[in-house]
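Following: one structure in structure tokens, then a few remarks.
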Amino acid sequence: MFNDVGPLELVTLVVLAVLVFGPDKLPKMIQDVTRTIRKIRDFSESAKADIRDELGPEFKDFEFEDLNPKTFIRKHLDNDELGLKEIRNGFDLKKEMAEVTDVVHGRESDSSDASGSSGATSSSDGTAGGSVDMTKKREKLDADEHPPFDADAT
């Protein structure tokens, strides 16, 4: 709750509390606040127990923290019933990007080259099919070549 309160801010809060409540009333105020917090916690725990009792035995492992959407999603995606870890581990981003780039530039991909095509096709910029340097930018376009179309820029 107070994870981001630094030492200087804590000292400032203590000095303000002493100034506002005075040194003789401050211990009684601290006791009252801690007692109130303890009562609120007890009330909250008893309400949770009552709700669990009313829900019945089929909800015995129900946790109120699961009502937080982040916790709920994290809990249900961490179990490997869906096979998400296999999908995540089997996904090769570089290979996928090379295939997409090949399709965009009209070249044959490595998978079709390995299945019967003879060698790699060379494109107009001199790179072999499948090995695309995406960081390299050309300075000028050929005379009969149109500039690349960027759907996100329009």
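Nothing in this text is a laboratory measurement; each read-out follows from the coordinates by a stated rule. Treat the numbers as computed from the prediction; the structure is a model and nothing was measured. A quick note on method: Cβ atoms are made from the backbone with ideal geometry, for glycine too, and the neighbour counts reach across all protein chains shown.
Looking at the calculated P(r) for region 1-71, what percent of the C-alpha pair distances fall above 14 Å? Value for region 1-71 (Cα pairs over 14 Å): 75 percent. Note on residue 15/residue 45: beta-carbon distance plugged into 1/(1 + (r/R0)^6) with R0 of 35 Å gives a FRET efficiency of 0.55. Using the Cβ-Cβ distance between residue 73 and residue 144 with R0 set to 35 Å, the FRET efficiency works out to roughly 0.10. Distance between the C-alpha centres of region 60-77 and region 1-32: 35 Å, rounded to the whole angstrom.
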